[in-house]
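Engineer: Got a structure for you, written out below as structure tokens; questions coming shortly.
The values are calculated or read from the model by the stated rules, or taken from the named source; none is laboratory data. As the structure is a prediction and not an experimental result, all values here were calculated from the model. Cβ coordinates were reconstructed from backbone atoms using ideal geometry, including for glycine residues, and neighbour counts include every protein chain displayed.
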Amino acid sequence: MTAEKKERKILYIDMDGVLADYQRVIDELDEETYQKYCAKPEENKPATFDEIPDAFKILPPIKDAVESFLELSKHFDIYILSTAPWENNSAWADKLYWVKKHLGECAHKRLILTHYKNLNKGDFLVDDRDKNGAGEFEGELIRFGSSEFPNWVAVKAYLMERK
């Protein structure tokens, strides 16, 4: 009789603002690039660099994100669940480049790009927003950057108790 293999819980992690430091790059943009791609006062929206070609591959990792991902991947069936801007053709490839560069083999074929995160079935989703279906995710939404989960130390501790 063989021992039953324990089924691991499914964990999704958003990329921009959770694994990759999106805001830091916005803050460091030169004025010309910012004005061309980010400043949208007529739309009354926060600054974004969604349409800058090649922008998503230069994002630095958020503090403790890579180490936390690697540790959590030992205990969860883990995926990167991200949205890529529709009008930025390089964003899709840039995100794959970023995952390969920073997360390596443990993230091999674990990148899911979608505008409907709620269609993915799983136990946990770590995301900094409730947009693109994250708010309707059937499992537990862990709001990265909130007072309860301000950083990766808090997120990892919470998830390790629930593995």
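Engineer: With the requirement that a residue be free of Cβ contacts under 8 Å to residues at least 40 places away in the same chain, within 19 Å of ASP123 (Cα to Cα) and outside any helix (DSSP H, G or I), what does segment 66-85 give you?
Structural biologist: Within segment 66-85, SER73, LYS74 meet the criteria.
Every residue, every condition in (1) within 17 Å of TYR22 (Cα to Cα); (2) more than 13 Å from the chain's Cα centre (by Cα); (3) without any contact (Cβ under 8 Å) to a residue 24 or more places away in the chain, yes or no:
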{"site": "PHE56", "(1), (2), (3)": "yes, no, no"}
{"site": "ASP64", "(1), (2), (3)": "yes, yes, no"}
{"site": "SER90", "(1), (2), (3)": "yes, yes, no"}
{"site": "LEU119", "(1), (2), (3)": "no, yes, yes"}
{"site": "ASP128", "(1), (2), (3)": "yes, no, no"}
{"site": "GLY139", "(1), (2), (3)": "no, yes, no"}
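Engineer: Can you pull out every residue in segment 86-116 that is at pLDDT below 95, crowded, with 17+ Cβ neighbours inside 10 Å and either in contact with a Leu (Cβ under 8 Å, 6 or more places away or on another chain) or assigned to a loop (DSSP other than H, G, I, E, B) (or both)?
Structural biologist: ASN88
Engineer: If you don't mind, there's one more thing I want to ask. Please find, within segment 29-73, the residue that is farthest from ASP128 (Cα to Cα) out of those that are polar (S, T, N, Q) and modelled with pLDDT of 85 or more. It would help to see each step written out before you state the result.
Structural biologist: Of all residues in segment 29-73, those polar (S, T, N, Q) come to 33, 35, 44, 48, 68, 73.
Add one more test, that the residue is modelled with pLDDT of 85 or more, and what stays is 68, 73.
Values: SER68: 16, SER73: 20 Å.
Restricting to residues being polar (S, T, N, Q) and modelled with pLDDT of 85 or more, the top hit is SER73.
Engineer: With respect to PHE144, determine if the residue is under 11 Å from LEU11 (Cβ atoms), crowded, with 19+ Cβ neighbours inside 10 Å, of a type in the set (Phe, Trp, Tyr) and at pLDDT 95 or above. Before you say what the answer is, go through the steps one by one.
Structural biologist: Numbers: under 11 Å from LEU11 (Cβ atoms): no; crowded, with 19+ Cβ neighbours inside 10 Å: yes; of a type in the set (Phe, Trp, Tyr): yes; at pLDDT 95 or above: yes.
So PHE144 does not fit the description; no.
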